[in-house]
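For reference, the structure is listed below as structure tokens.
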Amino acid sequence: LATEQVVQPKVGAIVCCGIGGVLDHTGIWVDDNTIVELDGEGLIKPISVKRFTKERSGKQVFIACDSHAQPLTSEMAAKRALQQIFQWRDYHLIENNCHQFIWQCFSPGDSKITTFKQLNLKLAQMFDRKIYWDLCDCR
């Protein structure tokens, strides 16, 4: 669910933006203005918020939060993302995408996921709460 809340990002938060009005792209916030993502070529890399939304339809970044606008975070997931920087994955739009990368940072070795919806469901189970996508105050 998208809300009107604006929240500050925190280390280990899941962020997303839109692609072409149809898909969502996800990453992990690792520090001040830095997100780790799996790009469409299969490279895991650190990027700025501006680069995260560049050439994507969604110019806004959203953060997975609870009902109190608190980002759902895992410092361990951020650490796992950072440890994989500049590694390559055999990227596939369905079978091995950014959502799979995010989920493996949160729950290594767990079952594969392929969609943004599945990522939301898994995160809701892990954090035992409904997921709200609040607007990131990423200035």
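The values are calculated or read from the model by the stated rules, or taken from the named source; none is laboratory data. Keep in mind it's a predicted model, so treat the numbers as computed, not measured. Cβ coordinates were reconstructed from backbone atoms using ideal geometry, including for glycine residues, and neighbour counts include every protein chain displayed. Surface accessibility is based on the protein's heavy atoms, side chains included, excluding ligands, DNA and RNA. Shrake-Rupley method; radii C 1.70, N 1.55, O 1.52, S 1.80 Å.
In straight Cα distance, which lysines are under 18 Å from Lys112, not counting same-chain residues fewer than 8 positions off? Answer for Lys112, where 18 Å is the Cα cut-off: Lys122, listed by chain and number. Restricting attention to the chain, close to 90% of DSSP beta bridges with both partner residues there are antiparallel. The stretch between Asp32 and Lys50, if pulled fully straight at 0.36 nm per residue, gains 5.2 nm over its current Cα-Cα span. Among Ser48, Ser74, Ser111, the residue with the largest mean-square fluctuation in a Gaussian network model of the chain, with springs joining Cα atoms closer than 10 Å, is Ser111. Over region 47-129, what relative contact order in percent results from Cα pairs under 8 Å that are six or more residues apart? So the answer I get is 21 percent.
Shape class for region 16-97: oblate, because the ratio a/c of the largest to smallest gyration tensor axis (alpha-carbon atoms, square roots of eigenvalues) is 1.5 or more and b/c is at least a/b. Each label point was placed 7 Å from the Cα along the Cα-to-Cβ direction; for Ala124 and Leu43 their separation is 3.6 nm. Calculate for the chain the 222 nm mean residue ellipticity that helices alone would give, adding -39,500 (n - 2.57) per DSSP H run of length 4 or more and normalising by residue count, nearest 500 deg cm²/dmol. Result for the chain, helices only: -7000 deg cm²/dmol. Within the shell defined by Cβ-Cβ distances under 12 Å, the residues around Thr114 carry a net charge of +2, with Lys and Arg each +1 and Asp and Glu each -1.
In the assembled protein chains, Thr114 presents an accessible area of approximately 40 Å² (probe radius 1.4 Å).
Taking every C-alpha pair closer than 8 Å and separated by at least 6 residues, the mean separation divided by the residue count of the chain gives a relative contact order of 34 percent.
The heavy atoms of Lys45 present about 40 square angstrom of accessible area, all protein chains included, probe 1.4 Å. Projecting the Cα atoms of Val49, Ser67, Val36 onto the dipole axis of region 35-75, where Lys and Arg carry +1 and Asp and Glu carry -1 at the beta carbon, places Val49 farthest toward the positive end.
Once the C-beta distance of Trp88 and Lys117 is scaled by a Förster radius of 25 Å, the resulting FRET efficiency is 0.40 to the nearest 0.05. Solvent-accessible area assigned to carbon and sulfur over the chain amounts to 51 percent, based on a 1.4 Å probe.
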